[in-house]
Amino acid sequence: MEITARSVENFQVEILSGKHTFFADEPVSVGGDDSGPDPYGLLLGSLAACKIITVQMYALRKGWPLTGVDVSVSTKKVHAKDCEDCESDPNARVDIIDTEIKFHGDLDSEQLERLKDISTNCPVHRTLTSETKIYTKMIL
């Protein structure tokens, strides 16, 4: 998969993904034009979309009566010492992503629990929680 992005004006960025074009920007309060979500909004939106699509596919394969999924995602930074299961240096800043998920449909408690677990296996969730390296090279 390849995504192409280019600066447009001010802080606005045009993002091309296959035949789709969308924009990222910064809020007016930090000098942007607010013409699209900021980069963290795009990241969290990707996580939410991935969780929803993953559980929908799973429920469809199982023939479960899932009729909809709502996901709310937020992020914050805390010191590792304020995080009960963080392994980083206590003074390091750690990104915490909180996710709330609600399933709609006539599902029993075992199905609900399984769908919650399946949501953590979506590819974006796995990428964000795995060791990830980002290499940047300059093109002349």
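Can you tell me the relative contact order of the range 1-44? Whole percent, Cα pairs under 8 Å, sequence separation 6 or more.
Numbers: 75 pairs, mean separation 12.0, N = 44.
Once normalised by length, the contact order is 27 percent.
Residue-wise HN-Hα couplings along the range 56-63, as the Karplus relation 6.51 cos²θ - 1.76 cosθ + 1.60 with θ = phi - 60° gives them from phi, are 5, 4, 5, 4, 5, 4, 7, x Hz; Gly and Pro carry x. Of all segments of the chain bounded by trypsin sites (Lys or Arg not before Pro) found in a DSSP loop with no more than 11 other C-beta atoms within 10 Å, the longest spans 20-132. Total lysine pairs in the range 39-129 at Cα distances under 18 Å, for residues eight or more apart or on different chains: 5. Residues 79, 20, 125, ranked from the fewest to the most other C-beta atoms within 10 Å, line up as 20, 79, 125.
One quarter of the convex hull surface, Cα atoms only: what value does that give for the range 39-129 in nm²?
Numbers: hull surface 25.9 nm².
If you wrap the Cα atoms of the range 39-129 in a convex hull and average its projections, you get 6.5 nm².
Contact order, relative form, for the chain: 17 percent (alpha carbon pairs under 8 Å, 6 or more residues apart, mean separation divided by residue count).
Ranking of 44, 107 by neighbouring Cβ atoms within 10 Å, starting from the fewest: 107, 44. Relative to the longest principal axis of the Cα atoms of the chain, the long axis of helix 109-119 makes an angle of roughly 20 degrees. Cβ crowding within 10 Å ranks 99, 21 as 21, 99, fewest other Cβ atoms first.
List the longest stretch of the chain that has no exposed loop site; here a site is one of the GluC sites (Glu not before Pro) assigned by DSSP to anything other than H, G, I, E or B, with at most 16 other Cβ within 10 Å.
Numbers: sites that count: 2, 9, 84, 87, 131.
Between exposed loop sites, the widest span is 10-83.
Any read-out appearing in this document is the output of simple, stated calculations on the displayed coordinates, not a laboratory observation. Only a predicted model underlies this, so the values are computations on that prediction, with no experimental measurement involved. Cβ atoms come from the backbone with ideal geometry, glycine included; neighbour counts cover every protein chain shown.
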